[in-house]
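S.K.: My questions all concern the structure below.
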Amino acid sequence: MKALIKILKALLITVLAYLVQACVMKYFAIGGISGSVIFAMLAIVTVSLGKKYTFCASCIIGMMMESMLSNVPGMYIIAYPVISMICAQFFADMSDRQRERRRMLNDMRRSRRGEGKGPRRLWNRLTGGYRDGDLPAYLRIVLCAGLMDLIMNIVLIAYMYLIGVDLSFSHFGRAVVSVLYTMALALVLMGPVRYFLGMYPRHGKRIRGGELL
């Protein structure tokens, strides 16, 4: 039952992200540039729910964008899943088995290099959480959203170049603004969306041994 509820929640935020992007974001454009609520949502799903949810959500988004807003046949239905899965390889949350395997490999490398003494020991204590496991979820969401939007802008700029559009610094400037806008959207949305997905302990519940009570 919990799995079904999680799937329905993921489907709901996927559809809402598309509707907000298509109907609302044009009113919040900055200099004619809109951020991507879709990529912000996909980044949250990637970090919070994993690669399977990311693939399904990106395919749904790609089909909706292709059927309603596409100017280039087949572009969105291919681009969204491919971009999402590329970024998911770097930013999706690891399983406990993957995290333990990475921790063991890092411990072996540090012991071979003699990183347990002197300044290296202090550095390992300060950065050990990042080296042994994942980056903080909030940071990964923002970086993932920015990378997704950056790749999409690169694809669009490359397409414009191929069809004969004269590129200028304004095109690259608009791409940078779009990426920063998308990262800001991810920063604002990730708290409420992750709470909706049940990523935080509910009021009155305690955590023991990594499990909610």
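The values are calculated or read from the model by the stated rules, or taken from the named source; none is laboratory data. Keep in mind that this is a model prediction, so the values were computed, not measured. Neighbour counts run over all protein chains shown; Cβ positions are idealised from the backbone, glycine included. Surface areas here come from the heavy atoms of the whole protein model, side chains and all, with no ligands, DNA or RNA. Shrake-Rupley method; radii C 1.70, N 1.55, O 1.52, S 1.80 Å.
S.K.: From the residues in region 93-105 that are at pLDDT 55 or above and in a loop (DSSP other than H, G, I, E, B), which one is least open to solvent (accessible area, probe 1.4 Å)?
M.R.: 94
S.K.: When you look at residue 28, is it within 21 Å of residue 144 (Cα to Cα), modelled with pLDDT of 80 or more and among the aromatic types (Phe, Trp, Tyr), yes or no?
M.R.: Against the criterion (within 21 Å of residue 144 (Cα to Cα), modelled with pLDDT of 80 or more and among the aromatic types (Phe, Trp, Tyr)), residue 28 does not qualify.
S.K.: Would you call residue 47 in contact with a Cys (Cβ under 9 Å, 6 or more places away or on another chain), on the phi < 0 side of the Ramachandran plot and among the aliphatic types (A, V, I, L, M)?
M.R.: yes
S.K.: Go through (1) surrounded by 12 or more Cβ atoms within 10 Å (Cβ to Cβ); (2) without any contact (Cβ under 8 Å) to a residue 12 or more places away in the chain; (3) of a type in the set (A, V, I, L, M) one by one and return the number of the condition residue 177 breaks.
M.R.: Failing condition for residue 177: (2).
S.K.: List pairs: first residue in region 3-27 and charged (D, E, K, R), second residue modelled with pLDDT under 95 and surrounded by 12 or more Cβ atoms within 10 Å (Cβ to Cβ) anywhere in the structure, Cβ distance under 8 angstrom, at least six positions apart or on different chains.
M.R.: Once the first residue is charged (D, E, K, R) and sits in region 3-27, its partners that are modelled with pLDDT under 95 and surrounded by 12 or more Cβ atoms within 10 Å (Cβ to Cβ) give 6/49; 6/197; 6/198; 9/196; 9/197; 9/198; 26/34.
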